[in-house]
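First comes the structure, then the notes that go with it.
Since every read-out is calculated from the coordinates, none of them should be taken as a lab result. Nothing here was measured: the structure is a model prediction, and the numbers come from that model. When we count neighbours, we look across all protein chains shown, and the Cβ atoms used for this are built from the backbone with ideal geometry, even at glycine.
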Amino acid sequence: MEIEKRFIASEVFAEMSADPTPMPIIRGVAPVFNAISDVLVDPQVGVFREVIEPQALDGVMTAAFDIRGRFDHRTLLGRTKKGTMLLNKTEKGLEYTIFVNPNDPEAMAAYAKVKRQDADGSSFMFTVPEGGDTWEMQDGVPLRRVKEIAELMDVGPVTFPAYPQTSADARSKFTNMRQAQTTPTAPEGADGAPAEARARTLDLMQMDIDLDKE
């Protein structure tokens with residue numbers, strides 16, 4: 001299984017806890033459930049959108065997994081196993097609360113960046129098992145539905161979006177879908193354009209991306 005990263009452009013907060021002995025904490029949400037992402041670009045798949053379904057995290061929300069809270073996927077801020085990061089699955093998504101070590105200069109530097117809103121989003125790193133996702137066409141763009149996450153490596157605040165890259169299994173499913181010319185799911189208010197027209201739209205979007213890279 002290949003490691004994938006995603007960026008969530010959502011609010012992340014740095015504040016002091018309400019405990020009798022206040023300590024710095026960082027709060028955010030990643031991933032967000034049932035929200036269609038912005039258009040992502042994979043070097044091999046091309047353009048696509050993605051949805052993380054709520055049940056995708058059921059298997060990793062156990063004490064057996066030690067999930068890290070990291071800043072920019074590098075600086076360790078907390079761990080679920082040590083109780084220095086708490087995760088709470090809600091209808092919106094996976095809420096994380098990291099208890100920052102005030103005696104750790106690197107951690108406090110990350111806290112300061114979030115406090116000043118230099119870091120204004122969250123990211124998470126994960127793997128998807130074989131059979132853990134499905135692909136369909138929606139409004140002329142491939143839509144990936146992640147139904148199972150095998151491992152959630154880390155979550156936390158970031159200063160820049162992670163470049164999305166899907167797994168080899170996901171790319172294979174995408175290729176099979178295109179070859180089978182899956183009929184798009186027409187959204188509400190769509191004009192019912194045929195699958196061929198939507199496929200041409202996707203090809204044109206890919207051509208634009210290829211030209212931008214030259």
* **Cα lying deepest toward the dipole's positive end in the stretch 20-108, options Val32, Phe65, Val51, charges on Cβ** => Phe65
* Structure fact -> Amide H proximity to Phe7 below 5 Å, modelled H, separation 5+ or other chain, gives Ala162
* To do: Give the peptides 9-15, 92-98 in descending order of average Cβ contacts within 10 Å, highest first.
  => 92-98, 9-15
* Amide H neighbours of Glu50 under 5 Å, at least 5 residues apart or on other chains, H built in the peptide plane: list them. => Ser37, Arg144
* Asked: Can you give the three extents of the C-alpha atoms in the stretch 1-157 along their principal axes, from longest to shortest, in whole Å?
  -> 52, 33, 26
* Taking the alpha-carbon centroid of each part, what is the distance from the stretch 12-40 to the stretch 80-118 in angstrom? -> 7 Å
* Structure fact -> Between Thr134 and Glu2, Cβ-based FRET efficiency (R0 22 Å, step 0.05) works out to 0.80
* Cβ-Cβ FRET estimate between Ser17 and Gln55, R0 fixed at 41 Å, reported to 0.05 -> 0.85
* How high is the FRET efficiency between Asp66 and Ala109 when r is their beta carbon distance and R₀ equals 22 Å, given to the nearest 0.05? -> 0.40
